[in-house]
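Worksheet: the structure to be examined is printed underneath.
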């Protein structure tokens, strides 16, 4: 089913590779075989027939590896032949065969990269033109098919480029969600999706100005009617983390002295402010004392979103606290700490990317999990959280030695919508498993298709 969606240009370019050896490689192979026979004839006067049979076995082994198409295995076989037959004719024939294989690999790589590039261009053109959700169904199906497509011994360049389609698939799916919300008259949800798409750290296929132009302005909110003296003057008093403890003490005293109101709005407002600030202050004190910290304080802030929106200082304190505690929670060294003026999301995105590039799974997954915790819940977050769970399942299965199951779980992570960093880790792990457990990997891919 997956292969049915592959662009025709890819199937056309790969068809000769799945049939017989191409003409140039066949010729080079024949020259190598002839050189081996000539050398065997020269050795026959002083060697037993076993020498000739050894040459035949070497060629059979080479034939088998050429059919399998693994460049590393082919090179290993050629090295054994040239060591067994250290004569110029054999070395020259082996060099020609190597050159032919390199040219084949380059043609195959170029064909796959061309398909990926055409899909990237199609996303950039089709997404902003889509009038309804159905307009993107075919494009998303093609992206999914290419992301999950497999080919023998794909190069790292193609693997990386193919992984780069994952954020585009997520973006196209998000745009589809936006179109659905817009057509249903859900302006708030549509605007929320657009703001997320415009703020993603991945390179968007659509200009940010185009996304922002679609956001429907909200009507101006009415000014608050509560008397100024009934609200704790929090935003003007607390700007630094060290100010939280004395400010809390003062706020509690003010809360006890607030005049009752029919709806208990003032007292509840003050209580919510104190609870949110208390959660921040406790985490800060634990950090200063060298105790373990986590992001559980965020749940307290989410319980009063309207309050937090009205108190900018709490958001500022939250950002300062996160920048302070996250490096320790992620286990970062001093060289990877936050840079001056770096926001929380930008910091986490940088750590996520650099950790993935160097294959540091623990730090990368920790950064991804932290980002998901900070973001508002929506369909896209659900997709990425599902991908994270599949990745973690694969890690556990790999540790338990269940390699076939691990390969399937890694593939499920990609299918669920893993971001670029997680996709990079998946590519590294799949390549490692393929080298160490080729049979299990092959079976897993066959079952997955």
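Readers should treat all values here as calculations from the given coordinates under stated rules, not as data from a laboratory. Note that this is a predicted model, so its numbers are computed, not measured. Backbone-built Cβ (ideal geometry, glycine too); neighbour counts: all protein chains shown.
Protection proxy ranking, highest mean first, for peptides 402-408, 342-348, 69-75: 402-408, 342-348, 69-75, where packing is the per-residue count of other beta-carbon atoms within 10 Å, averaged. The alpha carbon centroids of segment 382-443 and segment 53-79 are separated by 30 Å. Which percent of Cα pairs goes in each bin when the distances of segment 326-434 are cut into 10 angstrom slices starting at zero? Binned Cα distances yield the sequence 15, 46, 30, 8, 0. FRET efficiency for the residue 75 to residue 375 pair, using the beta carbon distance and R₀ = 60 Å, is estimated at 0.85.
Highest average first, the peptides 285-296, 314-325 ordered by how many other beta carbon atoms sit within 10 Å of their residues are 314-325, 285-296. Were the residues from residue 135 through residue 209 laid out at 0.36 nm apart, the gain over their Cα-Cα distance would be 24.5 nm.
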